[in-house]
1. Show me the helices (runs of 4 or more DSSP H) entirely contained within region 87-206 in which 3 or more residues are within 16 Å of the ligand (Cβ to nearest atom) and in contact with a strand residue (DSSP E or B) (Cβ under 9 Å, 6 or more places away or on another chain).
2. With respect to Gly256, is the statement that it is more than 9 Å from the ligand (Cβ to nearest atom), modelled with pLDDT of 95 or more, in a loop (DSSP other than H, G, I, E, B) and in contact with a strand residue (DSSP E or B) (Cβ under 7 Å, 6 or more places away or on another chain) true?
3. Might you let me know whether region 237-251 holds any residue that is of a type in the set (D, E, K, R) and within 16 Å of the ligand (Cβ to nearest atom)?
4. In this structure, is Leu219 touching a strand residue (DSSP E or B) at 6+ places or on another chain (Cβ under 6 Å), within 15 Å of the ligand (Cβ to nearest atom) and of a type outside the set (S, T, N, Q)?
5. Taking Leu262 as meeting all but one of (1) in a helix (DSSP H, G or I); (2) without any contact (Cβ under 8 Å) to a residue 40 or more places away in the chain; (3) away from the ligand (no atom under 13 Å from the Cβ), write down the number of the exception.
6. Would you check which residues across region 207-219 are touching a residue at least 60 places away in the same chain (Cβ under 8 Å) and either basic (Lys, Arg) or part of a strand (DSSP E or B) (or both) and list them?
7. If you check Val173, Val150, Val199, Val183, which single one turns out to be touching an Asp or Glu at 6+ places or on another chain (Cβ under 9 Å), among the β-branched types (Val, Ile, Thr) and buried (at least 24 other Cβ atoms within 10 Å of the Cβ)?
8. Please enumerate the residues belonging to region 26-84 that are among the β-branched types (Val, Ile, Thr) and either in a helix (DSSP H, G or I) or touching a Phe, Trp or Tyr at 6+ places or on another chain (Cβ under 9 Å) (or both).
Amino acid sequence: MAGRSFGERLTAAVSARGPLCVGIDPHPALLEAWGLPVDVSGLERFALTATEALAGTVAVLKPQSAFFEAYGAAGIAVLERVLAMARQAGALVLLDVKRGDIGSTMAAYTAAYLADDAPLAADAITVSPYLGFGSLEPALKQARSTGRGVFVLARTSNPEGGTVQCSRGADGVTVAQSVVDSVAECNRGAEPLGDVGVVVGATVKPGELRLDAVNGPVLAPGLGAQGATAEDLRRVFGEGVRAVLPSSSRDILRHGPTPEALRSAVEAARESLVSILPQMSSS
Ligand SMILES: O=C(O)c1cc(=O)[nH]c(=O)n1[C@@H]1O[C@H](COP(=O)(O)O)[C@@H](O)[C@H]1O
């Protein structure tokens, strides 16, 4: 992959297209709502329609791998086409796979998603640090050397997330905060933005985490279907956090199947976000 870092590429994409990540989550209920069969042909129509409609306008698309894996090899083949189509239309692709394993297995996941010649190569992936932050090293290293990114789950949007993530170590620091601090260490000194992101749900309590030193993107899922609003983004992330990347899946996708309606939903979401997070504005 060409010389620019992921941090540079993301900064350029957000500045050109605005601060929004749209998830491609082909839920069976959404396929039905679009009048499609819940089988691989419906998956293909849904995923390619959404990608074709949005990849030319949204900074980041985030396909959720599980919804493709559910259909086996044929579903993965559709995911490969989504990745190629999105890349062709200029969107960055954050493949949501939430991988995390012992270092040697993590190296295999790295080869699957972050190598230039991998059929499922993406611009970035989501990873879980809960086998120890150090176990992510193969992915962090490979991302850095190939101009790709890694988004590390810190404080997730689901109600159960706090059980582990809010527990405190002997130093009194929460598990989620220690993940954020490790990410900040990886990104220290990077310009204009580091390659390692954190994932912090827009649904979490304001003030739970100190994010000012992250120096990388903060992916904020949970808008819409999980109850968070644009106003919650301001409450949770404040004015001081750079590079918040709000993410929405069902709340955009439910407007399909027409490409125009999908794009209007994106436009409406983007407008509400630009006024809430002016520091992310493209102008
Ligand atoms: O890593 C993620 O993207 C993620 C992290 C998190 O804390 N919460 C969360 O909802 N997600 C993903 O973001 C998407 C949210 O979808 P919607 O609730 O439909 O917008 C799903 O694909 C989730 O797997």
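The values are calculated or read from the model by the stated rules, or taken from the named source; none is laboratory data. Predicted model only: the values in this text are computed from it and were never measured. Heads up, the Cβs are rebuilt from the backbone with ideal geometry, glycines too, and the neighbour counts pull from every protein chain shown.
1. In region 87-206, 175-187 are the helices (runs of 4 or more DSSP H) which contain 3 or more residues that are within 16 Å of the ligand (Cβ to nearest atom) and in contact with a strand residue (DSSP E or B) (Cβ under 9 Å, 6 or more places away or on another chain).
2. Details: more than 9 Å from the ligand (Cβ to nearest atom): yes; modelled with pLDDT of 95 or more: yes; in a loop (DSSP other than H, G, I, E, B): yes; in contact with a strand residue (DSSP E or B) (Cβ under 7 Å, 6 or more places away or on another chain): no.
No; evaluated as a whole, the condition is false for this residue.
3. yes
4. Considered against the rule, which asks whether it is touching a strand residue (DSSP E or B) at 6+ places or on another chain (Cβ under 6 Å), within 15 Å of the ligand (Cβ to nearest atom) and of a type outside the set (S, T, N, Q), Leu219 comes out as yes.
5. Every listed condition holds for Leu262 apart from (2).
6. Leu219
7. Matching residue, one of Val173, Val150, Val199, Val183: Val150.
8. The initial filter retains those residues of region 26-84 that are among the β-branched types (Val, Ile, Thr), namely 38, 40, 49, 51, 57-58, 60, 76, 78, 82.
Those that are among the β-branched types (Val, Ile, Thr) and either in a helix (DSSP H, G or I) or touching a Phe, Trp or Tyr at 6+ places or on another chain (Cβ under 9 Å) (or both): Val40, Thr49, Thr51, Ile76, Val78, Val82.
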